[in-house]
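Visitor: Quick one: the structure is below, questions incoming.
Values in this text are rule-based calculations from the coordinates and carry no lab data. In this text the structure is predicted, and so the values were computed from the model without any measurement. Note that each Cβ is placed from the backbone with ideal geometry, even for glycine, and that neighbours are counted across all protein chains shown.
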Amino acid sequence: MDIVFFKLTLLLYLIATAGFLLFIIKKDKKVGYWSHRILFAGFILNSIYLALGYYKLGAVPVLNLKGSLSFFSWTILAAYIVLQVKFRITVLGSFVVPFSAFLMMISSTIPISAITVRPIFKSFWLPLHVATSFLGDGIFAIAFIAGVMYLIQEHQIKSKRLGAFYSRLPSLNILDSLNYHAISYGFVLLTIGMITGSIMAQGAHGSYWRWDPKEVWSLITWLCYAALLHQRMAAGWRGRRSALMSIGCFFILIFTFIGVNFLMEGYHSFKSLEGN
Amino acid sequence: MIKIVDMGMNHKTAPVELRELVAFGRHNIDEVMNSIRGIKTVKEFIVLSTCNRVEILFTTDMEKEAKESLIEFLSHVSGIKREKLGQTLYIYDNQEAIRHIFRVGASLDSMIVGEPQILGQVKDAYRIATEHKSSSAILNRLMHRTFSLAKKIRTETDISGSAVSISFAAVELGKKIFGDLQGKKVLLIGAGEMAELAARYLLNNRTAQILVTNRTFSRAVELADHFRGKAISFDEIDDQLLEADIVITSTASPEPIISLSQVKKTMRGRKNRPLFFIDIAVPRNVEPKVNGIENVFVYDIDDLRGIVEINISKRKGEAVKAERMVDEEVIKFSKWLKTLDIVPTIVALQDKCEKIRQIELKKTLSSLEDLTPEQRKGVEDLTTSITKKILNDPIFFLKRKEGRTSRNLYLDVARRLFHLEPNNEEKNPK
């Protein structure tokens, strides 16, 4: 049953991706409007799929890569939809939605595996820990994309070769402000995610901090974003430098998110999470 | 057979001295409309008069006479001799007239292709025509097609997309840097025509304040008054760089007046808020290296010229796309125009009813298999006479309208009421 929702979600995301790509080429507002509609429909189906997954598993359905990627994709779009309320940059969708759809595609190619849910995954703190961490990741993904868009637009203006992107991308000021807002919100969520995580660890393992690779890399990621925010607020960084650093931070975040779970041993690794 | 004709002159065919003699304005447009109404051979008409063109778009049954009378009329109004007028006027018939008005509305016939004002002017002309009730079924539809085509071309092509003047290109760049120009501070260093023009564009975008400085202070004061800004002395530039967002330089100084180290220092004080230099001076007033500083953007006159040139050639490319859209629309409209004839409309109406009758008859008879041949015949006759009786009045009504001015209107309504597609009779011409 839930696989139907997954496939429909993926289908709608792919259609929305095509729509958003057509939008950036054609600059036709109607195409943008309908792409948003389709995306939203896909997002609702995605939400249902995740809810069903939670219900069936009895725990947050992010215990393997398949589930993680699909949930990550959902949080990116959730962040996108929320930020869109304030910023209303349709062309942002032309960058975000393909990225999200791509993650869903990868998720769809991973075969379904049986998961043994250990009792600690029924903890009250786990959904909170997972939701805030993932949403933080989702918002950081938007910051990353805003940073890339900023660099493209800045390059166009600085090099004085105003190409196809010049008219399509929003102003530097808006992109910079989007980047800043996304990083601030993302930072708050990541912080909450780490706190709830350590509370949970205290319950499950008896200590708040155990130098687990995931914990260490999360801290590194957190410190990077903290440094970026500090530079923005105290040293008046903005524009190019901030965009570059938010891109750098995001690569570290991706490593923390996926790399650590694969390459390093620890209780966050998918092997350990799946309980096989 | 009714014809659409467009008669007029524009910036390509007539010099401004002639155009202004013919041009109609608010002061005499009512008079002009009434005079043209007096020409009996002209049925529907619309008069468009802008600084670049004068056009009279009309429909007529008697083409030759109508044209003669209108040329006579134009010659009378303008005082230009008929022979001279004849050389500058163009006259387009039917398809060509349709194409011409589509191109005018879409700004393909404008002096600066893609300039947006023309559509508003065409709309005004149409409004005047409706106020004078001089436009009816054909021109109403033609104008509505013109408007929607122009809109479609503007959204689907880049024909009005990018700036084709230097000051406008500068303002556009400002918008891409700051987003909204509202509340931004402008510093004008030196005065010159182009700098003033750019400043005026910026003011139109509701920038907060304009500061003006010049080597001769009195000139700065003069300009500041002009823009309701503030004059400052040349020595204050350093301080003002901390506050300003957009700086337009156009002094005749042989040395740069804005240096790399100066701007570097400023940016620290500004906490890296973006700063945009528009350097219109030759030789340049801003050291080119300043563009390398983060969050600082420098455009000199050559950069801006380069952008404008690219934009102009882009527009030309887009115009080709637009012409193709015009072609499509001309074909569609001509098709519709052809249907505005009594005979094909009546035939289409009868065909449609006959088709419906046949289909329904087949359905009914197939479920009533045990009818005798006589009964069958009876049902068939019954359906035939019902359709005939129903069509009787509409056909009679349409025939009676032949030769009346309201004919086209009723033909159009009949077609829409019964949903008679223009293509129908092409498939089965009778």
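Visitor: Of the lysine pairs in the range B:229-347, how many meet both conditions: Cα atoms under 26 Å apart, and a spacing of 8 or more in sequence or different chains?
Guide: 9
Visitor: If you don't mind, there's one more thing I want to ask. Rounded, prolate or oblate: which fits the range B:166-308, taking a ≥ b ≥ c as square roots of the Cα gyration tensor eigenvalues, rounded meaning a/c under 1.5, else prolate when a/b beats b/c?
Guide: rounded
Visitor: I would also like to ask the following. Stokes-Einstein at 10 °C, 1.306 mPa s, Kirkwood radius from Cα pairs: D for chain B in µm² s⁻¹?
Guide: 59
Visitor: How many partner chain Cβ atoms sit within 10 Å of a residue's Cβ in peptide A:155-162, on average, as a whole number?
Guide: The per-residue average across the peptide is 5.
Visitor: Roughly how crowded by other chains is peptide B:268-277, in terms of the mean Cβ count from those chains within 10 Å of each of its Cβ atoms?
Guide: 3
Visitor: Label-point separation (nm) for residue A:211 and residue B:359, each offset 7 Å from Cα along Cα-to-Cβ?
Guide: Between residue A:211 and residue B:359, the simple spin-label model gives 8.2 nm.
Visitor: Per residue of A:19-32, what is the mean number of Cβ atoms on other protein chains within 10 angstrom of that residue's Cβ?
Guide: Mean shielding count: 1.
Visitor: Moving on. Can you tell me which of B:406, B:110, B:135 moves the most in a GNM of chain B? Springs connect C-alpha atoms under 10 Å apart.
Guide: Comparing B:406, B:110, B:135 in the GNM, the peak value goes to B:406.
Visitor: Under the rule of at least 5 residues apart or a separate chain, name every residue whose amide H is placed under 5 Å from the amide H of residue B:300.
Guide: B:279
Visitor: Over the range B:340-427, what relative contact order in percent results from Cα pairs under 8 Å that are six or more residues apart?
Guide: 55
Visitor: Assuming a ≥ b ≥ c are the square roots of the Cα gyration tensor eigenvalues, decide whether the range A:2-274 counts as rounded (a/c under 1.5), prolate (otherwise, with a/b larger than b/c) or oblate.
Guide: Oblate.
Visitor: In whole angstrom, how far apart do the alpha carbon centroids of the range A:92-147 and the range B:124-171 sit?
Guide: The range A:92-147 and the range B:124-171 have Cα centres spaced 49 Å from each other.
Visitor: Roughly speaking, what is the stretch gain from residue A:244 to residue A:191, that is 0.36 nm per residue apart minus the C-alpha to C-alpha distance, in nm to one decimal?
Guide: So the chain would gain 16.9 nm between residue A:244 and residue A:191.
Visitor: With label points built 7 Å along Cα→Cβ from the Cα atoms of residue B:41 and residue A:226, find their separation and express it in nm.
Guide: About 9.1 nm separates the two model spin labels.
Visitor: So if I average 1/r over every pair of distinct C-alpha atoms in the protein assembly as shown and take the inverse, what Kirkwood radius in Å does that give?
Guide: Averaging 1/r across every pair of different Cα atoms and inverting gives 31.6 Å.
Visitor: Normalising by the residue count of chain B, find the relative contact order in percent from Cα pairs under 8 Å and 6+ residues apart.
Guide: So the answer I get is 13 percent.
Visitor: Comparing A:42, A:259, A:32, which has the greatest mean-square fluctuation in the GNM of chain A with Cα pairs linked when under 10 Å apart?
Guide: For chain A, modelled as a Gaussian network with Cα springs under 10 Å, the answer is A:259.
Visitor: Have a look at B:104, A:89, B:122 and report the one farthest towards the positive end of the charge dipole of the protein assembly as shown, computed about the Cα centre with Cβ charges (Lys/Arg +1, Asp/Glu -1).
Guide: A:89
Visitor: With each label point set 7 Å from Cα along the Cα-Cβ vector, what nm distance links residue B:96 and residue B:413?
Guide: The modelled label-to-label distance comes out at 3.5 nm.
Visitor: For the range B:40-64 and the range B:197-235, write down the distance between their C-alpha centroids in whole Å.
Guide: First find each Cα centre; the distance between them is then 48 Å.
Visitor: For chain B, what is the percent of antiparallel DSSP beta bridges, rounded to the nearest 5?
Guide: Antiparallel bridges: around 45 percent, rounded to the nearest 5.
Visitor: Can you work out the FRET efficiency for the pair residue B:374 and residue B:397, with r the C-beta to C-beta distance and R0 = 30 Å, to the nearest 0.05?
Guide: Rounded to the nearest 0.05, the efficiency is 0.25.
Visitor: How much mean residue ellipticity at 222 nm does chain B get from its helices, if each DSSP H run of length 4 or more adds -39500 (n - 2.57) and you divide by all residues, to the nearest 500 deg cm²/dmol?
Guide: Result for chain B, helices only: -18500 deg cm²/dmol.
Visitor: Here is a further query. Calculated from DSSP H runs of 4 or more alone, at -39500 (n - 2.57) each and per residue, what is the 222 nm mean residue ellipticity of chain A, nearest 500?
Guide: The helix-only estimate for chain A comes to -27000 deg cm²/dmol at 222 nm.
Visitor: Residues of the range A:45-59 with backbone nitrogen within less than 15 Å of a virtual label 7 Å along the Cα-to-Cβ line of residue A:122, please, listed as ranges.
Guide: A:55-59
Visitor: I've got another one for you. All other residues with a Cβ under 11 Å from the Cβ of residue A:28 taken together, and with Lys, Arg as +1 and Asp, Glu as -1, what is their net charge?
Guide: +4
Visitor: Which percent, to the nearest 5, of DSSP beta bridges fully inside the protein assembly as shown are antiparallel?
Guide: Bridges in the protein assembly as shown are about 45 percent antiparallel.
Visitor: Given Cα pairs under 8 Å that are at least 6 residues apart, what percent is the relative contact order of the range B:3-156?
Guide: That works out to 30 percent.
Visitor: Work out from phi, with θ = phi - 60° and the Karplus expression 6.51 cos²θ - 1.76 cosθ + 1.60, the ³J(HN,Hα) of each residue of the range B:2-7, listed in order in whole Hz, and give x for Gly and Pro.
Guide: So the J values, rounded to whole Hz, are 6, 10, 9, 10, 10, 10.
Visitor: Suppose R0 equals 45 Å. What FRET efficiency, 1/(1 + (r/R0)^6) with r the Cβ-Cβ distance, do residue A:34 and residue A:112 give to the nearest 0.05?
Guide: The calculated FRET efficiency here is 0.90.
Visitor: May I pose another question? Given A:163, A:108, B:233, which one lies farthest toward the positive end of the charge dipole of the protein assembly as shown, if we put +1 on the Cβ of every Lys and Arg and -1 on the Cβ of every Asp and Glu?
Guide: Positive-end residue among those listed: A:108.
Visitor: Then there is this: State whether the range B:35-123 is rounded, prolate or oblate according to the following rule on the C-alpha gyration tensor (a ≥ b ≥ c being the square roots of its eigenvalues): a/c under 1.5 gives rounded; otherwise a/b larger than b/c gives prolate, and the remaining case gives oblate.
Guide: prolate
Visitor: Step through the table entries A:26/B:123; B:377/B:401; B:64/B:389, compare each Cα-Cα distance with 32 Å, and write down the pairs that go over it.
Guide: With Cα atoms farther than 32 Å apart: B:377/B:401; B:64/B:389.
Visitor: Sorting check: for B:363-376, A:100-113, B:171-184, which peptide has the highest mean count of neighbouring beta carbons within 10 Å, and how do the rest follow?
Guide: Highest to lowest by the protection proxy: B:171-184, A:100-113, B:363-376.
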